[in-house]
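Peer 1: Below are the structure tokens for one structure; questions will follow.
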Amino acid sequence: MEMPLITFLLPAYNEGENIHELYEQLVSETKDLYYSFEYLFIDDGSTDDTLDKIKYLAFYSDDVRYVSFSRNFGKEAAMYAGLKHAKGEAVIIMDTDLQHPSHLIPSLIKGYEAGYHQVIAKRNRKGESRCSQFFTRSFYQIMNKWSDVALQNGEGDFRLLSRKAVNALLSLSEGNRFSKGLYSWIGLSQTTVTYENVLRENGKSKWKFSSLLSYALDGMLSFNTKPLRLCCYLGLITILMSFIYIFITFLSIIRNGVEVPGYFTTISAVLFLGGVQLFCLGIIGEYIGRIYNETKKRPHYILEESNTTDPNVEVREIIPPHRSWDLSEKQGKEKVTS
């Protein structure tokens, strides 16, 4: 009887220092499990030797597949591509920076065997700076208050998805993807596995403060229209206050006659109303920009090469470069170098 297949979806961007170690960890953790596994690497336009090392693994290991983008399209596009190319009955999404502990894999699979469609790995914030924890906590509080989906602090992309959950995510073809919200939006049965936060050892984080801020803004605007309603409420309140001010001023003129208008009052009113207008236009502009991007119907990514069976992708002969490490003895194949 053929064993069920589980796909590891592994997006990578300039993670050449971690590719080999991650693969070794995954093979070690899964060797005694009653499943067959494929390791699907998504190279998100890396500029280091990430793709070379992935191709080296693919040359010596039949269970390694890869997809390489023509440039850096971002993690969201990489995960979408991975879900499209995954063949497994379940998919485990993991980062390639070694911050997602591989020892949780058996626990994720047990949750899947128990019938859950999403088995989520939830981390604590141990080791992070207070500033980072403050901004993260604030983001989740704002998201849960203003958006139409519920997010849990510490739950990210590290999770197992059943084939039903994968198909549900693939049916959502929007261009501006925010996967944390999409996981919650599709629903389906869920369970959680907790673990201690793991700090990065090799390489540097690709997430700068500006990137995180942009990502948070995408999340807040992707799953609700409440900011637009807030603009309406703010506009109504401003109009009401203006009528009250006009009425009081009119009564004052009737009783006391015309007085010299105050410069401060005039400037304050102009600045306040101008600020409200700009604030509302800015929010509306965000939504119009998203509508504009959606109407262009651009693809989420463009592939340059791959060893998958996608008929639209060029398949190149894999000739691995010489490396200081070698998997040929483990795989029982003769080493080939160039």
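Peer 1: What pairs from 75/180; 31/75; 53/122 go past 19 Å between their alpha carbons? Walk me through the numbers on the way to the answer.
Peer 2: Details: 75/180 12 Å; 31/75 28 Å; 53/122 29 Å.
In this structure, 31/75; 53/122 exceed 19 Å between Cα atoms.
Peer 1: Mind sorting 84, 180, 53 by how few other Cβ atoms lie within 10 Å of their own Cβ, fewest first?
Peer 2: Numbers: 84 15, 180 20, 53 25.
Going from sparsest to densest Cβ surroundings: 84, 180, 53.
Peer 1: List, in order, the whole-Hz ³J(HN,Hα) value for each residue of the stretch 69-85 obtained from phi through the Karplus relation with A = 6.51, B = -1.76, C = 1.60 and θ = phi - 60°; use x for Gly and Pro.
Peer 2: Taking θ as phi minus 60°, the curve returns 7, 6, 7, 7, 9, x, 5, 4, 5, 5, 5, 4, 4, x, 5, 5, 9 Hz for the stretch 69-85.
Peer 1: Which whole-Hz couplings ³J(HN,Hα) result when phi for each residue of the stretch 44-53 is put into the Karplus expression 6.51 cos²θ - 1.76 cosθ + 1.60, θ = phi - 60°, listed in order with x for Gly and Pro?
Peer 2: My calculation for the stretch 44-53 gives 8, x, 5, 10, 9, 8, 4, 5, 4, 6 Hz in order.
Peer 1: Does the stretch 9-92 come out rounded, prolate or oblate, given a ≥ b ≥ c as the square roots of the eigenvalues of its C-alpha gyration tensor, rounded meaning a/c under 1.5 and, failing that, prolate meaning a/b above b/c?
Peer 2: Working: a/c = 2.05, a/b = 1.33, b/c = 1.54.
It comes out oblate by the Cα gyration axes.
Peer 1: Test of understanding: ordering 68, 46 by Cβ neighbours within 10 Å, fewest first, what list do you get? List each step's numbers first, then the result.
Peer 2: On the way: 68 23, 46 20.
If I rank by nearby Cβ atoms, fewest first, I get 46, 68.
Peer 1: With each label point set 7 Å from Cα along the Cα-Cβ vector, what nm distance links residue 34 and residue 276?
Peer 2: With each label placed 7 Å out from Cα toward Cβ, I get 6.7 nm.
Peer 1: Under the rule of at least 5 residues apart or a separate chain, name every residue whose amide H is placed under 5 Å from the amide H of residue 66.
Peer 2: 41, 307, 308
Peer 1: Express the relative contact order of the stretch 6-88 as a whole percentage, based on alpha carbon pairs under 8 Å and six or more residues apart in sequence. Intermediate results must be reported in sequence, preceding the final value.
Peer 2: Numbers: 130 pairs, mean separation 33.8, N = 83.
Reported as a whole number, the value is 41 percent.
Peer 1: Right, next: Using θ = phi - 60° and the Karplus relation 6.51 cos²θ - 1.76 cosθ + 1.60, list the HN-Hα couplings for the stretch 160-166 in order, rounded to whole Hz, with x at every Gly or Pro.
Peer 2: Result, rounded to whole Hz: 9, 10, 6, 4, 5, 5, 4.
Peer 1: For residue 239 paired with residue 196, estimate the spin-label separation in nm (one decimal), with each label point 7 Å from Cα along the Cα-to-Cβ line.
Peer 2: About 5.9 nm, to one decimal.
Peer 1: Pulled fully out, how much extra length does the chain show between residue 248 and residue 103, if you take 0.36 nm times their separation in residues and subtract their Cα-Cα distance?
Peer 2: Values: separation 145, 0.36 × 145 = 52.20 nm, distance 7.01 nm.
Using 0.36 nm per residue and subtracting the Cα-Cα distance, I get 45.2 nm.
Any read-out appearing in this document is the output of simple, stated calculations on the displayed coordinates, not a laboratory observation. Here the structure is a predicted model, which is why all the values come from computation and not from measurement. All Cβ positions, even for glycine, are placed from backbone atoms using ideal geometry, and neighbour counts span all protein chains on display.
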